[in-house]
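This report concerns only the one structure given below.
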Amino acid sequence: MIKSKKSGQIIVISAPSGAGKGTIIQKLLERDSKTRWLSISATSREPREGEKDGVNYYYLTKEDFEKKIKEGYFLEYTNYAGNYYGTPKEYIKEKIEKGIDVILEIEIEGATNIKKLIPEALFIFIMPPSLKELVKRLKKRGTETNDKILKRFHAAYKEVNEVTKYNYVVVNDEVDIATEKIEAILKAEKCRVDRIEEVYLDTKEEEIHELLLGEEFDNRGIGEKLG
Ligand code: 5GP
């Protein structure tokens with residue numbers, strides 16, 4: 001009756017650092033790695049302890065990053081808390097055409113640029129329970145100096161104020177519940193009427209007549225049918 005678009009979707013997920021988006025995205029990927037793909041960004045920031053090149057980010061020098069900007073390598077890029085971050089263009093089109101959803105884990109300026117470029121993308125904002133909790137989480141993570149935490153706090157404060165630019169907001173009080181909510185959003189998105197490509201009749205009128213008049217409907221219970 002309904003033929004829906006088979007193509008994947010761009011899903012932008014933003015959150016202030018420390019809001020727990022990394023864990024949530026990993027859980028979303030674990031649940032369905034066949035039709036979901038996380039784009040790996042490039043950055044000019046130093047890798048944190050435990051981070052790997054090509055896994056967490058592609059780590060570039062500032063000069064290499066700027067060279068790639070000039071070459072048109074990025075779908076979008078920004079300067080965040082003193083470092084460059086950008087989404088490489090490659091693979092995205094191919095994934096979308098194969099019906100794979102592409103997750104972009106990017107901050108708000110990047111999200112705004114994607115919205116201009118691809119207005120039909122889906123924009124989800126993950127909110128920490130409170131800014132105080134966010135600072136506590138950042139301190140506990142222990143990967144940043146107080147000065148850097150302060151920079152991130154300022155960025156987070158700005159971002160939280162711009163949440164209305166997104167389609168959905170999910171508060172991350174509890175990771176599993178927040179993941180479940182995003183899962184529900186992703187499922188609902190697949191049912192949107194603007195994903196319909198064609199509405200058609202799958203049964204001819206004669207077939208309906210045959211169904212209605214040709215056979216008597218056996219409405220006995222299963223127990224009765226089995227004797
Ligand atoms: P972090 O340094 O904590 O890994 O990331 C800092 C911020 O940069 C986060 O909000 C993250 O979502 C964002 N970010 C990561 N990759 C990209 C990207 O490719 N483009 C943009 N615009 N932001 C990014």
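The values are calculated or read from the model by the stated rules, or taken from the named source; none is laboratory data. What you see is a predicted model, and the numbers here were worked out from it, not measured in a lab. Please note: Cβ atoms are built from the backbone with ideal geometry, for glycine as well, and neighbour counts cover all protein chains shown. Side chains are part of the model used for accessible areas, which takes the heavy atoms of the whole protein and leaves out ligands, DNA and RNA. Shrake-Rupley method; radii C 1.70, N 1.55, O 1.52, S 1.80 Å.
Summary of values
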| quantity | calculated |
| --- | --- |
| DSSP-loop GluC sites (Glu not before Pro) across the stretch 134-227, with at most 11 other Cβ within 10 angstrom | GLU174, GLU215, GLU216 |
| Percent accessible area from carbon and sulfur atoms, the chain, protein chains only, probe 1.4 Å | 53 |
| Percent of beta bridges antiparallel (DSSP, the chain, rounded to nearest 5) | 40 |
| About the Cα centre, charge dipole magnitude for the chain (Lys/Arg +1, Asp/Glu -1 at Cβ), debye | 1400 |
| Efficiency of FRET between LYS5 and TYR91 - r from beta-carbon atoms, R0 22 angstrom, step 0.05 | 0.65 |
| Per residue solvent-accessible surface (Å²) - the stretch 1-76, probe of 1.4 Å | 56 |
| Amide H within-cut-off set for ALA15, under 5 Å, with H built and near neighbours excluded | ILE126 |
| Heavy atoms of TYR73 accessible to a 1.4 Å probe, total area in Å² rounded to 10 | 60 |
| For the stretch 3-147, with +1 on Lys and Arg beta carbons and -1 on Asp and Glu, the positive-most of TRP37, ASN146, SER4 along the dipole | SER4 |
| Loop-located trypsin sites (Lys or Arg not before Pro) in the stretch 153-227 whose Cβ has at most 14 other Cβ within 10 Å (DSSP) | ARG192, LYS204, ARG220 |
| Dipole magnitude (debye, nearest 20) for the stretch 1-69, charges at Cβ of Lys, Arg, Asp, Glu | 580 |
| Entries of LYS6/LYS140; LYS67/LYS136; LYS52/LYS93; LYS140/LYS181; LYS116/LYS190; LYS115/LYS181 with Cα pairs more than 32 Å apart | LYS6/LYS140; LYS67/LYS136 |
| Pairwise label distance in nanometres, ASP64 with ASN79, each label 7 Å out on the Cα-Cβ vector | 2.1 |
| Amide H contacts under 5 Å for TYR80, placed H, 5+ residues apart | TYR85 |
| ARG220-VAL175 FRET efficiency (beta carbon distance; Förster radius 45 Å; 0.05 resolution) | 0.35 |
| As computed over the chain, the Cα convex hull volume per residue (Å³) | 186 |
| Share antiparallel - DSSP beta bridges, the stretch 1-135, percent rounded to 5 | 35 |
| For the stretch 41-140, diffusion coefficient by Stokes-Einstein and Kirkwood Rh (Cα), 10 °C, 1.306 mPa s, µm²/s | 104 |
| The stretch 117-227, accessible area per residue, ligands and nucleic acids excluded (1.4 Å, Å²) | 75 |
| Theoretical gain in end-to-end length, LEU211 to GLU51 [0.36 nm per residue, Cα-Cα removed] | 51.4 nm |
